Every structure is written in C-alpha cells, then in structure tokens.
Amino acid sequence: MGSKSGGREPRRGSRRGSRGRGGAPRQYRTVIPSRDAVLEVMEKAGRPLSPKSLHQGLGLVDDTDVEAMSRRLAAMVRDGQLLINRQGRYCLTDHLPVVIGRVSGHRDGYGFLVPDDGGEDLFLAPRQMRSVMHGDRAAVRPRVADGDRQEATLVEVLERARTEMVGRYIREQGLGFLVPDDSRITHTMALLPGKTGGAKPGQIIVAEIVEYPGRDTQAVGQVIDVLGDAGAPGVETEMAIRAHGLPHAWPEDARAEAATKGAHVASAHKRDRLDLRDLPLVTIDGADAKDFDDAVFAEPTKTGWRVLVAIADVAHYVTPGSALDAEARERGTSVYFARGVLPMLPEALSNGLCSLNPRVDRLCMVCEMWLDPQGKVTRSRFHEGLMRSAARLTYLQVARAMEDGDKQARASLGDLLEPLGHLYDVYRALAGARRRRGAVDFDLPEIKVRFDDAGNVAALDPTFRRTAHKVIEECMIAANVQAAGFFRRHKIPCLYRVHSGPEEEKLERLNEFLEAFGLRLRPGKVKPGDFRKIREAVAGEPEEMLVESVLLRSMSQAVYQPNNIGHFGLALEEYAHFTSPIRRYPDLLVHRGIRHVLRGGKPREFLYGRSEMEGLGRHCSHTERRADEATRDAMDWLKCEFMVDKIGETYQGMITGVTNFGVFVQIPELQVDGLVHVSQLGPDYFKFDPAGHRLVGERTGTQFRLADPVAVRVARVDMEERQIDFDLADRPARKRRR
C-alpha cells in the first residue's frame, strides 16, 4: 500500500508547501532567529510590524537570511502565532480579538471551530462555512449571538487541510461534479471541462483542488485519479486515505535518503553504546506485525526486578531537518487499516534497519528500571544501546506457553521460558500498582476483518487481549512514565501525553445513562477509580460491553502538549510516549531529547523551544485524530460490505441508543450497529422518554429500553452513507433489572 490532503489563493496545504507544519524546526543553510526570538521582538515593539521592520529588529540584512526567515514566519502564520493584517504587517494573535483553531464541519452545512487552547467550541453558521472546509485551520472573531450561544465570524483561513478531494463523479446538464465522500464537507466541486480523467458516473474519483471555495464561488478541481467502482476490493482504504488527506506517496528525496542508510548497522555506529547483545531481549507482537520497535527483558534482584525496555533508535537515522524527518513529521503516525499499513517511515527503515528483527544487531534506546515487589520503580536510567533480539514472539505463542501451559508452545520457547516467567512476575506487580492507583482498564474486543481470495470481506472476527498483551503494555507504560520524569528533572521541553478528566456536561449525560442500570458516579470531582468501579460492577453482565463503550466515549481525548497536566485514564501524574518511534512522531521527539541530555546537552541548547513544542503538539494530536477517523471510516465501509448480503438474516442484538425516531441496536459479536426506525417497532404510537432512555407505546405499553436484548433482521444497507437499517424480528425480552 502506498502511504497520503475564497477565490484563488496559494496552495498552502500542498505537500511541498507544508514542510515545517506543526512548528517543527527546519534545517536552514544559515542560522536564523527562533520563534521565541520573533515573539520577543514583536512583544517589545508593541505594535504590528512590516516584514522589513521585523527583519531589521531581528538583525537580518542578508537576502539569504531574509528568505529563510520568511519561511519561518509563514510557518508561524500557519500555526496561528502570527497574523498578517490588511496592511501586510505581522501581528501577534495574542493581542488580537481572534481565536485560532481547526474547523469541524457538519453534514447540515454548519460547523464549529475547535480552539487550539482547548476553550469552548465556536459555532460557524453555514454562511461562514462557504469558504472553509472540514479540517482547515482558521482564525475567527467570536461573538455572542441569540441567547448565550458563542458564534464566530471567519477572519482568515490559515491552512488548508487538503489539496485533493475524493468522492463520486456525477454529471448534470453536461457538466461534471465531484460529490465529496466525507459528509462533513458540503462543498460540491465543479470539474474543469476535459479534466475528468475518463471517469464514468458513479465511480470514485480523486480531484486536485484548483480553486478553493469562496464566499460566492464553489470549489473547482481536475480529476487526477479514478479509483474505480464503489464496490471494488480495497477502494474503501484508498477513499479513506484521500478523504482524510493522509500522506501516501513518498517524496523522491525521502526515498533516496532512506536508500542511503543501508541494510545493516555500521560498525562505527556500534561504538560507545551499552552492549546488550548477550541478554535474551525479545519482541512480542501480533502475528501480522512487521515493524518491531520494542524489546523487553526482566531478571530478579534481591529487592524485586531489573527490567530493560529497549526501543528502536530511530533518532539515529532520522535527523532533524532531513527529508525523512520532514515526511515523518508530515505523517505524524503510521495508519493501520484492515488491508495494510500506511507507515510513518519508508519500509527500508520501519521494517528493516530500525526494526528490532531477531538475531541481528540493532541500535536502541534503553530504559533500565528497578522495581520493588509492589510494582514501584525505585530508580531508572536511560542509555544509548546495542542489542540483538533473541526471538520474534507473538502474543498467541506466549499466551499458549505461559497461560495455557501448552507443551508444544513451551518447548518452542526453550531457554526463553525463564525470562518470560520473570516478565509475567513483573506484570503482576505493575498490574497491582495500576489497580491501587485506580487506573481505568478498558478491555473491549477488537474486530479483525478476514478477507477471501478475491479481497472481499469473508468474516468479522472479535479478538480479545490475553495477559501476554498486558505484559508488554505495562512494561511500555512504566518506561513512558520514566521518560516523562526524565524530561521534568532535566528541564527539557517535551511533548507529554496528557489526558484530562471528563467534562461536566459529558458526566451529566453519563450519569443519566448509568441510572438505567441502577448505577451512578459519585458527586464532586470524578477520579479514575470511579470509572473502574462502574466497570467492575457490570463485569459479566449482558450490558458489560455497552457500559464499557459508553464510559470510553464519555472521556476526553488524550493529546500531546508541553504543558503537563497528567493522564486521567492511567491515573498518572506524568506520562510521555517513548516506546514507538517507528510509528509515532512524538516518540521520536522524546528520543531526541533524551539523547541531547545523555550527550551532555544543556536545556537552552536543545533544538526545540517551548513554542516549537506547542505547535508540534497540536500537529501530532491532529495527525492522530486524522488517522483514527480514516481507519474508522474504512472499517465502517467493510462492516457494511459484510452485511450487504446478509439482508433478511436475523441476529441477536442489544439496544445501545434510544431516540425519538427509533432505537440503535448493536450486534455484539460483530460490533455492527444499525437503526430500527420507530415505524418498524409495531402498530402503535411510541413516545420518547429521555429520562428513562426508552420508547413507550401509547396503546400497548410496549417498551424499548436501553440495553434491552432484541432480535433484529437486516433490512437495508446503504454503502454510500455507511448505514444499516434493521427491522424488529421479535418482541424484546423483559430485561432483568439490577
């Protein structure tokens, strides 16, 4: 799989134009002032500055320096640190009555601006959405509209989220149009005559945006790719990639740079490192994994255990300012689809030189920890290391040997059984510490898609985590905590992985939901342990998966930022991502910071200042959300494809949502959701009782309540909208009340 998106304006969202997005430092031929220096000069001036005045204030006179500085200033405008006013002067956004954020569109034409600073979302009326699209970054001016609702007026589009659009090709009155696949984009694109690529009506196409929509003009484009018919195997992945603007083609300079790294670790690069090649470090991953970025080892001590978490040393090969670094930053994360992966790094690195493949020398960054019997890390240190993985193990292989006692599996592990036993001992200690601090532990099954030889969906298989998964998870969490503490102690700017507690409004809705089961969160400030108690209360009950999924949805989304506020879900005061630099850009930044300190660097000498980290945090959080949305879209398509030939078949489901127009039902073993419209519930008038989460028949008194088991028949599958309709196959059984 390959790996990547009023009036005419510069294509600032283009791939070549977006180098430096997220506030990351670029490698310039000359040393130019940092972002912090720019902000300091602007603050001291106390007024908007023309480009010439700003360059003079920064001491730049050489044309080369000025050109390099212009690129940095453009990046600061994209990130919302500066704005250019109508006189062409740079302004500090902190001194303007504007809010910077990302646009979230709605299928009904309106939208919201989600502020970078985490404040309340601002409503964008349809007229304000005419010249922006879902995902764009913009500056808006807030105002209070009718009542207390916060609305906003668009001031400027700072960055376009896409340079391409994917959707269906239609023809009307001899003209070609693209109807976006993403319902949050309500702009139909007009296609230039003769630039339709030979597409046929109904086919899925990709068009390059030639003109972005304006207040009075529509988007204009030209077809650059025809993906084919909607039902073709693999088209769902290509649609998701293009619809969400995922980088998917490797720039030639990045590909060429990866080719120069070679296939083996150079002898010169092995020097001055902690040599761990004699220790039986192992990788434990899924059976279909190809990139191995973490290896583990544990041994007992007099007071507990010594644990080594060795992570692929990606930072050694991907250096700041390089072509590989620019592309990795642009991608932000690897994206895992059912049919394959869109990697953050070229496969020569992700599956080759950086991957901790078995029985070959690899460079690594090592977190060495000492644990006591209660699972507390008593001390830790980091090293630049050299390792040789003893084996590439799978979760199932380890689980069969260590949990099921399978003789054949145990025999296949041989001498590794003893160190694996120590790792399980470490896990039990860490899991005990996790329970005591009250961390939330969700355990929802993951759906794996099985394809037939033709590439069509053959089955949806639920997979559950075994203890082997949790062994690795707890070791990684422990190392990530130590990484966060390392940055705090050395006062180095860092991207923490932070997770705030649930918002008050979400908690109110959650309590309304829980009351249907006789449960409630205690009043006052909610702690992670309160969520854990709710989960334990429904363990083994029919509604367990439903309650767990609702609990998960009620929580805030974790983000990356340099301001540490702790991690609510894990009940940790500090947390940073250190353990997956092959597939996450924030981890690569963490490795660079650790290396800087290990090699004697001072905080003021670190390449990244706080303002750079703030921009990178916003960018990496965005790329993570973008990846999640793309994989969810592709999975929804595959679920619909699986159900399309199941029309007329009956399944046992559970009511997961109640509205005035019907009930939503999930088939638990498939995690497939559909709607039973109120007209299909029976010959009666049904009234919606929001407090009781139920629909009640006026004449018969028949009730359809949240979490009721119900038999449904597949009635309709709409591939275009990713929606499934059910009919009622049987009267719902009376639910046993708690």
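Looking at L521, L551, L546 in this structure, which one is crowded, with 17+ Cβ neighbours inside 10 Å, touching a strand residue (DSSP E or B) at 6+ places or on another chain (Cβ under 6 Å) and not assigned by TED's automatic domain parsing to the domain that holds T656? None of the other options fit; the residue is L546.
Does D291 qualify as being touching a helix residue (DSSP H, G or I) at 6+ places or on another chain (Cβ under 6 Å) and loosely packed, with under 15 Cβ neighbours inside 10 Å? For D291, the condition - touching a helix residue (DSSP H, G or I) at 6+ places or on another chain (Cβ under 6 Å) and loosely packed, with under 15 Cβ neighbours inside 10 Å - is not met. Of the residues making up the range 637-666, just one is touching a Gly at 6+ places or on another chain (Cβ under 6 Å) and surrounded by 21 or more Cβ atoms within 10 Å (Cβ to Cβ), namely V665. Among residues of the range 590-608 that are in the same structural domain as I311 (by TED's automatic domain parsing), those with a Cβ under 7 angstrom from a residue that is of a type in the set (D, E, K, R) and surrounded by fewer than 15 Cβ atoms within 10 Å (Cβ to Cβ), sequence gap 6+ or separate chain, pair up as P603/K491. Just one residue in the set G221, G228 is under 26 Å from Y336 (Cβ atoms), over 27 Å from the mean Cα position of the chain (by Cα) and not acidic (D, E); that residue is G228.
Candidates in the range 703-738 are the residues that are more than 16 Å from V658 (Cα to Cα) and in contact with a Lys or Arg (Cβ under 6 Å, 6 or more places away or on another chain); of these, the one that is modelled with the highest pLDDT is V714.
Is the range 583-598 home to any residue that is part of a strand (DSSP E or B) and within 18 Å of the chain's Cα centre (by Cα)?
yes
Matching residues to (1) of a type outside the set (V, I, T); (2) in a strand (DSSP E or B); (3) touching a Ser or Thr at 6+ places or on another chain (Cβ under 8 Å):
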site	(1), (2), (3)
G194	yes, no, no
A199	yes, no, no
V206	no, yes, no
V210	no, yes, no
T217	no, no, no
G221	yes, yes, no
V226	no, yes, no
P233	yes, no, no
E238	yes, no, no
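Considering the range 395-445, the residues that are of a type in the set (D, E) and assigned to a helix (DSSP H, G or I) include one that is nearest to V481 (Cα to Cα), namely D425. Taken as a whole, the structure leaves H622 outside the set of residues that are outside the structural domain of A74 (by TED's automatic domain parsing), within 30 Å of A558 (Cα to Cα) and modelled with pLDDT under 90. Tallying residues that are in a helix (DSSP H, G or I) and either closer than 13 Å to L158 by Cβ or of a type in the set (A, V, I, L, M, F, W, C) (or both) within the range 59-86 yields 9. Evaluated against (1) outside any helix (DSSP H, G or I); (2) surrounded by fewer than 16 Cβ atoms within 10 Å (Cβ to Cβ), R488 falls short on exactly one condition, (1). Under the condition of being within 19 Å of R47 (Cβ to Cβ) and surrounded by 14 or more Cβ atoms within 10 Å (Cβ to Cβ), the residues counted in the range 66-94 number 12.
Criterion applied to A627, A711 was being within 20 Å of E541 (Cα to Cα) and either out of contact with any helix residue (DSSP H, G or I) (no Cβ under 6 Å at 6 or more places or on another chain) or in the same structural domain as A338 (by TED's automatic domain parsing) (or both), and the one residue passing it is A711. The condition (being over 22 Å from the mean Cα position of the chain (by Cα), among the acidic types (D, E) and buried (at least 16 other Cβ atoms within 10 Å of the Cβ)) is satisfied by just one residue among D313, D253: D313. Among the criteria (1) in a loop (DSSP other than H, G, I, E, B); (2) under 18 Å from F513 (Cβ atoms); (3) over 17 Å from the mean Cα position of the chain (by Cα), the one S556 does not fulfil is (3). In summary, strands (runs of 3 or more DSSP E) completely within the range 106-179 and bearing 3 or more residues that are under 27 Å from S500 (Cα atoms) and not aromatic (F, W, Y) occur at 111-115, 137-144, 150-159. Of the helices (runs of 4 or more DSSP H) lying entirely inside the range 246-333, those containing at least 2 residues that are at pLDDT 95 or above and farther than 15 Å from V366 by Cα are 252-259, 323-331.
The values are calculated or read from the model by the stated rules, or taken from the named source; none is laboratory data. Owing to the predicted nature of the structure, the values given are computational and were not obtained by experimental measurement. Cβ: placed from backbone, ideal geometry, glycine included. Neighbour counts: every protein chain shown.
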